[in-house]
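J.: Sharing a structure here in C-alpha cells format.
The values are calculated or read from the model by the stated rules, or taken from the named source; none is laboratory data. Remember, predicted model here, so these are calculated numbers, not experimental data. Note: ideal-geometry Cβ built from the backbone for every residue, glycine included; neighbour counts use all protein chains shown.
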C-alpha cells in the first residue's frame, strides 16, 4: 500500500487497482480512482494528486472531483513498473521505476523534462520541494541525493551495511530505513554526515520525517515508532487495528498515515 496525507486529503493506493481519497477533516470517502493495474505510489500537492501504476504509467487527478487531468506513459516498463512518484513543484513530477531511470515530468503537458539513466531500479523517492533535492536508495546500500531541477547527484550517503528500503526528506535532514536499522543524515555543502543510527531486529520498511520528528515502521505487529530526534529516543508507539507489516508512512506534522500489508484501508493518528 502507498499513502499520503495533507490538511485536506488522505490518499491510499494498493493492489486493488484503486487510489482511494478521503476528506481529512470529516473522514468522508470522496473518490475511488480506477487504474489498469496496482497503484504503487501516491503524492498530493494541494488539490492535485499524482499516482503511479504497475503498468509503467503515471496519472494526475483533480481533487475532490477525481477528474483525470493527464496520463503519462513515459517509462514504458515492459518488465516492471513505476515504484515511486513525488511532486518537485506545482507543475513538476519526479518518478523512479524498474527501467533504471529517474525522470522529471511537466505535469501540465506530460513532457519528460529530465532523464537520469542508472544501473539499478529506483525503488523509493523522497523530495524536499523547498530545498530542491530528492533522495533515493542505491544497490550498494548508500543513499543518493539529487538536485531535482538537473538530476545531478549532489551527495552520496554511505553507512548502511544492508539494503536500504525507504527514505524521507525534511530540510537538511534525510532519514533512511533498511535491513540494518535507521539512519538520520544531516546535509551540508560539504556532503552528508550520519547524526543518528539505531539498529533494528528486522527490516525497517517505511520512514517519514517532519522537522525533529521521525517515524519508522517495521514488521508484523510492531506498529509505528515516533522518534524525538533531539532526544534521540522513541517517545510514542502507534498501534492500530491490523497486525500487518508497516509498508508505507506519511506525516504532515499533524497527522500520521500508515499503510500495512494486511489491510486495504490506511490508519490515521493525530500527533
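J.: Which of the residues that make up the range 142-161 are touching a strand residue (DSSP E or B) at 6+ places or on another chain (Cβ under 6 Å) and assigned to a loop (DSSP other than H, G, I, E, B)?
T.: Residues satisfying the conditions are 142, 148, 151, 159, 160.
J.: Just one of 110, 114, 74 is at positive phi and not assigned by TED's automatic domain parsing to the domain that holds residue 163; which is it?
T.: On inspection, the qualifying residue turns out to be 110.
J.: Checking the conditions here, which among 253, 217, 223 is assigned by TED's automatic domain parsing to the domain that holds residue 175, at positive phi and either crowded, with 24+ Cβ neighbours inside 10 Å or at pLDDT below 90 (or both)?
T.: Being assigned by TED's automatic domain parsing to the domain that holds residue 175, at positive phi and either crowded, with 24+ Cβ neighbours inside 10 Å or at pLDDT below 90 (or both) holds for just one of 253, 217, 223, which is 223.
J.: Do you know which of the residues in the range 56-65 that are buried (at least 19 other Cβ atoms within 10 Å of the Cβ) and either in the same structural domain as residue 247 (by TED's automatic domain parsing) or part of a loop (DSSP other than H, G, I, E, B) (or both) is farthest from the chain's Cα centre (by Cα)?
T.: Step by step, filter the range 56-65, then rank; the result is 63.
J.: I've got another one for you. So which residues in the range 66-76 are modelled with pLDDT of 95 or more and part of a loop (DSSP other than H, G, I, E, B), if there are any at all?
T.: 66
Listed here are the residues, each with its yes/no results for (1) over 13 Å from the mean Cα position of the chain (by Cα); (2) without any contact (Cβ under 8 Å) to a residue 60 or more places away in the chain; (3) surrounded by 20 or more Cβ atoms within 10 Å (Cβ to Cβ).
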site	(1), (2), (3)
95	no, yes, yes
99	yes, yes, yes
102	yes, yes, yes
105	yes, yes, yes
113	yes, yes, no
117	yes, yes, no
124	no, yes, yes
132	yes, yes, no
135	no, yes, yes
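J.: Follow-up question, since we're still on this one. From the list 241, 237, 183, which one is farther than 16 Å from residue 3 by Cα and either in contact with a helix residue (DSSP H, G or I) (Cβ under 6 Å, 6 or more places away or on another chain) or part of a loop (DSSP other than H, G, I, E, B) (or both)?
T.: Going through 241, 237, 183 in turn, the sole match is 241.
J.: Among the residues of the range 226-250, what is the count of those that are under 23 Å from residue 176 (Cβ atoms) and surrounded by 15 or more Cβ atoms within 10 Å (Cβ to Cβ)?
T.: Qualifying residue count, the range 226-250: 12.
J.: So which residues in the range 180-214 are crowded, with 17+ Cβ neighbours inside 10 Å and on the phi > 0 side of the Ramachandran plot?
T.: The answer is 181, and nothing else.
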